[in-house]
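Taking it in order: structure first as structure tokens, then the write-up.
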Amino acid sequence: MATVFSKILRGEIPSSFVMRDELCAVFLSINPLARGHALVVPVAEVEHWIDLPEDLALHLFAVARRVGRAQQAAFGCERVGLIVAGYEVPHTHLHVIPTTSMDQLAFANAAASVDRGDLDAAAAAIRAHLDA
């Protein structure tokens with residue numbers, strides 16, 4: 001059974017994409033902890049991150065690092081948090097979150113909804129700094 005992330009990757013559900021390659025995609029969370037909260041998601045449906053092939057795991061973390069640097073440049077955040085929880089969707093994903101405090105890393109504080117235009121603007125801001 002396809003996960004919600006697989007449906008997003010296939011274009012069946014709209015999303016604000018930051019980037020995509022043959023192994024993964026980066027798009028913004030619809031329940032962000034902070035502006036620009038991105039998800040790095042492998043194309044392969046691997047439920048638990050510890051079950052990823054090593055080369056794919058390394059690729060995902062390298063992409064997360066690149067996105068984190070772009071977020072820092074785009075949003076002027078103090079730090080970029082990285083969370084691999086895996087409870088909400090059974091498809092490996094890395095949360096890359098621009099932050100100014102630890103309080104922003106609490107899922108209890110996630111936005112219930114966000115305007116699509118705001119998500120698209122944040123995604124564009126990250127893209128603008130990806131290769132800077």
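Summary table below
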{"item": "Residue count for region 1-29, restricted to those that are touching a residue at least 40 places away in the same chain (Cβ under 8 Å), assigned to a loop (DSSP other than H, G, I, E, B) and in contact with a Lys or Arg (Cβ under 9 Å, 6 or more places away or on another chain)", "result": "3"}
{"item": "Which listed residue, of Pro14, Pro53, Pro42, is touching a strand residue (DSSP E or B) at 6+ places or on another chain (Cβ under 8 Å) and either exposed (fewer than 13 other Cβ atoms within 10 Å of the Cβ) or more than 21 Å from Phe75 (Cα to Cα) (or both)", "result": "Pro42"}
{"item": "Any hit, region 18-30, residues being in contact with a His (Cβ under 6 Å, 6 or more places away or on another chain) and either farther than 24 Å from Ala111 by Cα or among the aromatic types (Phe, Trp, Tyr) (or both)", "result": "yes"}
{"item": "Residue selected from region 1-29 under the condition touching an Asp or Glu at 6+ places or on another chain (Cβ under 9 Å) and under 10 Å from His93 (Cβ atoms), by the criterion modelled with the lowest pLDDT", "result": "Thr3"}
{"item": "Residue that is nearest to the chain's Cα centre (by Cα) [pool: residues in region 39-50 that are farther than 15 Å from Glu88 by Cα and touching a residue at least 24 places away in the same chain (Cβ under 8 Å)]", "result": "Pro42"}
{"item": "Matching residues in region 73-132 - criterion: being in contact with a Phe, Trp or Tyr (Cβ under 6 Å, 6 or more places away or on another chain) and either crowded, with 18+ Cβ neighbours inside 10 Å or assigned to a helix (DSSP H, G or I) (or both)", "result": "His91, Thr92, Pro98"}
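The values are calculated or read from the model by the stated rules, or taken from the named source; none is laboratory data. Values in this document were obtained by computation on a predicted structure and should not be read as measured data. Reconstructed Cβ throughout: ideal geometry from the backbone, glycine too, with neighbour counts over all protein chains shown.
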